[in-house]
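Here the structure comes first, spelled out in structure tokens, and everything after it is commentary.
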């Protein structure tokens, strides 16, 4: 019951206070470790080999070391909380869990893209660049809006549903390892060169680990999005297969179907191609759908933990 209280307190902290300062943010610490390790395991662009198993082993080892560190810190927090009365343990766990959840920040960033787009396409592109890693320089206004909605859908899983899923199953260490894995994928999980380094083999373990840990949550996210909609999981599966990602296409496809809009990454995929072009009101609708998914995921995690209490 302490874990259930911590979950809802963490969501309340996220809603009312948002993110902690970067100097004490555990995901920022994870990123610093990954940046430090990445500079040592990934070869410079152009120096990579076609089949570099040594780099793969280094990447896997650095990933495992970081995941073990994240789990150890989280386990230490749980042990300390276990020595406290429930009224003190729940807030302590909530404060540790909150930085692993980021719905308020995601919602505000997506709405900020639409607000900037209302001023000019150039401002919209500039703001979108804060949210996505793709090249935004050639995107038109509709493309910017589509990209913001796609990012909301995909990151809703990564920033909230999946951490709650693993928290419900394995407690704070599970959520911490998931956020480490997701951060590692964002920094290392690339085919070819990025930021001057070749990640083809050094980042392969990180990419596959994130795929595995996100597989079930991504489908749960899609299912929660489609609740009350005419579209079913079979239609969502067809849309998801249009993307190269084994998981990202599920929440993005579900959002496209739920809104009735076309979502695309130019030159890569088109989701719900028969849908209409995204309009400004669709961003607010997507945020509202995301809020309902957050509530549904929290309720699901609560019921699961209560059943095992």
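Here's a check for you: in region 73-85, which residue that is surrounded by 12 or more Cβ atoms within 10 Å (Cβ to Cβ) and in contact with a helix residue (DSSP H, G or I) (Cβ under 9 Å, 6 or more places away or on another chain) is farthest from residue 205 (Cα to Cα)?
Ranking the qualifying residues of region 73-85, first place goes to 84.
Would region 241-249 turn up any residue that is touching a residue at least 60 places away in the same chain (Cβ under 8 Å), surrounded by 12 or more Cβ atoms within 10 Å (Cβ to Cβ) and closer than 30 Å to residue 4 by Cβ?
Checking region 241-249: at least one residue is touching a residue at least 60 places away in the same chain (Cβ under 8 Å), surrounded by 12 or more Cβ atoms within 10 Å (Cβ to Cβ) and closer than 30 Å to residue 4 by Cβ.
Taking the condition of being in a helix (DSSP H, G or I) and in contact (Cβ under 8 Å) with a residue 40 or more places away in the chain, how many residues in region 22-42 meet it?
9
Please indicate, with yes or no, whether at least one residue in region 128-143 is in contact with a strand residue (DSSP E or B) (Cβ under 9 Å, 6 or more places away or on another chain), over 18 Å from residue 185 (Cβ atoms), in a helix (DSSP H, G or I) and touching a residue at least 12 places away in the same chain (Cβ under 8 Å).
yes
Has region 150-157 got at least one residue that is buried (at least 19 other Cβ atoms within 10 Å of the Cβ), touching a helix residue (DSSP H, G or I) at 6+ places or on another chain (Cβ under 7 Å) and not in a helix (DSSP H, G or I)?
No; the residues of region 150-157 include none that is buried (at least 19 other Cβ atoms within 10 Å of the Cβ), touching a helix residue (DSSP H, G or I) at 6+ places or on another chain (Cβ under 7 Å) and not in a helix (DSSP H, G or I).
Conditions: (1) under 26 Å from residue 263 (Cβ atoms); (2) surrounded by fewer than 18 Cβ atoms within 10 Å (Cβ to Cβ). Residue 195 meets all but one. Number of the miss?
If we test residue 195 against (1) under 26 Å from residue 263 (Cβ atoms); (2) surrounded by fewer than 18 Cβ atoms within 10 Å (Cβ to Cβ), just (1) comes out false.
Given the residues 117, 101, which is the only one that is surrounded by 20 or more Cβ atoms within 10 Å (Cβ to Cβ) and within 20 Å of residue 182 (Cα to Cα)?
Only one candidate passes the filter, namely 101.
Could you list, in sequence order, the residues of region 165-204 that are over 26 Å from residue 97 (Cβ atoms) and not in a loop (DSSP other than H, G, I, E, B)?
Residues satisfying the conditions are 193, 194, 197, 198, 204.
Since every read-out is calculated from the coordinates, none of them should be taken as a lab result. What you see is a predicted model; the values in this text were computed from it and never measured. All Cβ positions, even for glycine, are placed from backbone atoms using ideal geometry, and neighbour counts span all protein chains on display.
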